[in-house]
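**Student:** Dropping the structure in here first, questions after.
The values are calculated or read from the model by the stated rules, or taken from the named source; none is laboratory data. What you see is a predicted model; the values in this text were computed from it and never measured. Using ideal geometry, Cβ is built from the backbone for each residue, glycine included, and neighbour counts are taken over all protein chains shown.
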Amino acid sequence: MIGGRLVPAVVGLPDDALMWLLDRWSDLLLAVADGSGLVMLEYGFMHRAFLVGILIAVMAPLIGTFLVHRQLALIGDALAHTAFAGVAVGLFVNATLGTGISPYLTAVVVAMIAALAIELISEVTDAYNDVSMAIVLSTGFALGAVLISLDSGGLAVGVNQYLFGNLSTVTNENTVLLVGLFSVITLVVGATYKQLLYVTFDETAARVAGIDVRWYNRIVAMLTAMVVVGAMQIMGVILVAAMLVVPVAGAAQVARSFREALLASVVLAELAVLVGITLSFYYETTAGGTIVLVAVGIYVGAVLLGKLGSDPDAVAGAGSTSEGRSADR
Amino acid sequence: MSLVELEGVSFGYTATPVVRDVSLAVESGEYVGIVGPNGSGKSTLLRIVLGLHEPDSGSARLFDSPAGAFAERERVGYVAQDVTGNATKMPITVAEVVLMGRFPHAGFGRIGPEDREKARDALETVGIDRLADRRITKLSGGQRQRAYIARALAGEADLLVLDEPTVGVDAESVDAFFGLLDGLNREGMTVLLVEHDIGAVLDHAGRVVCLNREVYFDGPPTEFADSDALDRAYGTTVRRDGDVTVA
């Protein structure tokens, strides 16, 4: 599989080493299954589902935090729909040329091109960001629909798993691809955290501070594309954007600092993914939908917790200084 | 060397210039207040000074290098109108915002204990160190503007550029805010301030620039009060410009 070989080459890890690591991960979960009697951990596809889920629950809120606080929450939706077009491109090319390209790889490429297009459209046409997102979203979905209808024979059948996600379709190759995406995303965010934070908080001040805002916007958009494709495997195109937004929104309710918010969003996402995957196994529900519903439940809990917790903070601050008393609000 | 040097700068977002043929130099240690009516190009002029806009004609220099290509970004602190209160609901503490002043120093490197100490010192200087762990959105407008000054101080800026910093700040806090600027200026900070409140500029700045697309006055506050620049810049009165009458 091209997708399997290309990504480790980029990350610098040989394919075999990643496969070896996957085997050890399986051994670990099997041991847990033996010790705890958890039936779901006896299946290989569940091992992959949990690994992929855990990785997604780190990278989606990591990027989502930088999106939500710039009021770009919808970019995930737009890119998810273009990723769907990317899948259609991959399936179409495979069907017509008889190649074996992973549709996830074409989805990454198409989504990243779309991510750049969103930034460029808003830069060039001076439009609001949500306008360019809406344009790219529609284009993506239209392109996907047209390509699928062109060869509706075998194609339409295969598309369902990308639209709705499926635990059992997570293959070893897909997992390796996701590990690659995960490494790239965490490394890039780790290296550019300060710049991303500054740009997210105040674009103009960031420019005055000498940060090339346009480039960081593009970087964020492309990282978003990677997350979307990574998460597509179990969430499905339609629900993928929820992972970028819902845990982040919940974390913002309970966290005070940006670092706390980042950490809390990852914790909430992990909780949603682990509980969601478990529930979807035992009740045989769709994984993406279950994870999102759990995440929304957690979000509601965070809102309630935030409302309880934020009041003492406001009371403690007021009246502590003369300026506090005359606070102009 | 002038910290800011504009020479014959004209700029327009469209064909109509927003600022026309503006020449202005700010020397180290000065406290310059720019006044002018709404839409007179004050904020645009600041954006040109900061290198956010390239002038259509003329030259803009910052610390003796072209403003657009100016590299030592940490030397300039920028405080805008307080829009953060409404614009962002981002969870971020005062301490985190002030620490951003250290980011240009750190580049891609790590923020160290020394950076944190400088940020703490800056918070003490502006008198809001006790608010360090509060969310910036929970502060009053005046406190928030202090936090942005602290960010500039943490970056060890030599030049403080402020764009109508007291909009939306209550009167009592405005006085305290100008008191803080006076103190910083006495200690050597160069201040370039755009302000709609002419009285405040006359009280605090060492030099007044009156702008309405072009410079109408540039000199000490006492002379400005005696001149007719204010009427000419703000009023609709016809003025003589050479032998051309300009409405």
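**Student:** Which condition breaks for B:Ala95 when tested against (1) more than 10 Å from chain A (Cβ to nearest Cβ); (2) assigned to a helix (DSSP H, G or I)?
**Tutor:** Single failed check for B:Ala95: (1).
**Student:** Just for segment B:72-91: of the residues that are at the interface with another protein chain (Cβ under 7 Å from one of its Cβ atoms) and modelled with pLDDT of 90 or more, which one is farthest from B:Leu159 (Cα to Cα)?
**Tutor:** B:Pro91
**Student:** For segment B:127-227, give me every one of the helices (runs of 4 or more DSSP H) that falls completely inside it and has 1 or more residues that are within 14 Å of another protein chain (Cβ to nearest Cβ). Full working, then the answer.
**Tutor:** Working: elements: B:141-154, B:171-186, B:198-204, B:221-226.
Fully inside segment B:127-227 and qualifying: B:141-154, B:171-186.
**Student:** Here's a check for you: in segment A:75-96, which residue that is aliphatic (A, V, I, L, M) and out of contact with any Leu (no Cβ under 8 Å at 6 or more places or on another chain) is nearest to the other protein chains (Cβ to nearest Cβ)?
**Tutor:** Among them, the one singled out is A:Leu79.
**Student:** Restricting the search to segment B:13-35, which residues are over 13 Å from the mean Cα position of the chain (by Cα), of a type in the set (Gly, Ala, Ser) and modelled with pLDDT of 90 or more?
**Tutor:** Result: B:Ser23, B:Ala25, B:Ser28, B:Gly29.
**Student:** If you don't mind, there's one more thing I want to ask. If you check B:Ala200 against the conditions, is it farther than 30 Å from A:Arg259 by Cβ and free of Cβ contacts under 8 Å to residues at least 24 places away in the same chain?
**Tutor:** On the way: farther than 30 Å from A:Arg259 by Cβ: yes; free of Cβ contacts under 8 Å to residues at least 24 places away in the same chain: no.
So B:Ala200 fails the test.
**Student:** In segment B:151-172, is there at least one residue being surrounded by fewer than 19 Cβ atoms within 10 Å (Cβ to Cβ), of a type in the set (S, T, N, Q) and at pLDDT below 95?
**Tutor:** There is no residue in segment B:151-172 that is surrounded by fewer than 19 Cβ atoms within 10 Å (Cβ to Cβ), of a type in the set (S, T, N, Q) and at pLDDT below 95.
**Student:** Now, a different point. Looking at A:Met222, A:Met235, which one is closer than 22 Å to A:Asn160 by Cα and either surrounded by fewer than 24 Cβ atoms within 10 Å (Cβ to Cβ) or of a type outside the set (Gly, Ala, Ser) (or both)?
**Tutor:** Exactly one residue qualifies, and that residue is A:Met235.
**Student:** Something else now. Please find, within segment A:29-70, the residue that is surrounded by the fewest Cβ atoms within 10 Å (Cβ to Cβ) out of those that are under 30 Å from A:Val199 (Cβ atoms) and in contact with an Asp or Glu (Cβ under 7 Å, 6 or more places away or on another chain).
**Tutor:** Among them, the one singled out is A:Ile54.
**Student:** With respect to A:Ile121, is the statement that it is surrounded by fewer than 17 Cβ atoms within 10 Å (Cβ to Cβ) and either assigned to a helix (DSSP H, G or I) or free of Cβ contacts under 8 Å to residues at least 24 places away in the same chain (or both) true?
**Tutor:** On the way: surrounded by fewer than 17 Cβ atoms within 10 Å (Cβ to Cβ): no; either assigned to a helix (DSSP H, G or I) or free of Cβ contacts under 8 Å to residues at least 24 places away in the same chain (or both): yes.
So A:Ile121 fails the test.
**Student:** Just checking, which of A:Leu268, A:Leu274, A:Leu279 is surrounded by fewer than 18 Cβ atoms within 10 Å (Cβ to Cβ), closer than 30 Å to A:Tyr43 by Cα and in contact (Cβ under 8 Å) with a residue 40 or more places away in the chain? Let's see the steps before the verdict.
**Tutor:** Working: A:Leu268 fails: surrounded by fewer than 18 Cβ atoms within 10 Å (Cβ to Cβ); A:Leu279 fails: in contact (Cβ under 8 Å) with a residue 40 or more places away in the chain.
Every option except A:Leu274 fails the conditions.
**Student:** For segment B:104-118, give me each residue that is more than 10 Å from every other protein chain (Cβ to nearest Cβ) and basic (Lys, Arg).
**Tutor:** B:Arg116, B:Lys118
**Student:** Can you name the residue in segment B:53-71 that is part of a strand (DSSP E or B) and more than 11 Å from every other protein chain (Cβ to nearest Cβ) and is also farthest from B:Arg20 (Cα to Cα) among such residues?
**Tutor:** Only one residue tops the list, namely B:Ser65.
**Student:** Next question, about the same structure. Mind listing whichever residues of segment A:42-78 are among the basic types (Lys, Arg) and in a helix (DSSP H, G or I)?
**Tutor:** Scanning segment A:42-78 gives a single hit, A:Arg48.
Residues are listed down the side, and each one gets a yes or a no for (1) more than 30 Å from A:Tyr128 (Cα to Cα); (2) modelled with pLDDT of 85 or more; (3) of a type in the set (A, V, I, L, M, F, W, C):
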| residue | (1), (2), (3) |
| --- | --- |
| A:Val7 | yes, no, yes |
| A:Leu21 | yes, yes, yes |
| A:Leu28 | yes, yes, yes |
| A:Tyr43 | yes, yes, no |
| A:Val58 | no, yes, yes |
| A:Phe66 | no, yes, yes |
| A:Leu74 | no, yes, yes |
| A:Val87 | no, yes, yes |
| A:Gly100 | yes, no, no |
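**Student:** Take the residues in segment B:208-230 that are acidic (Asp, Glu) and in contact (Cβ under 8 Å) with a residue 24 or more places away in the chain; name whichever of them is surrounded by the fewest Cβ atoms within 10 Å (Cβ to Cβ).
**Tutor:** B:Glu214
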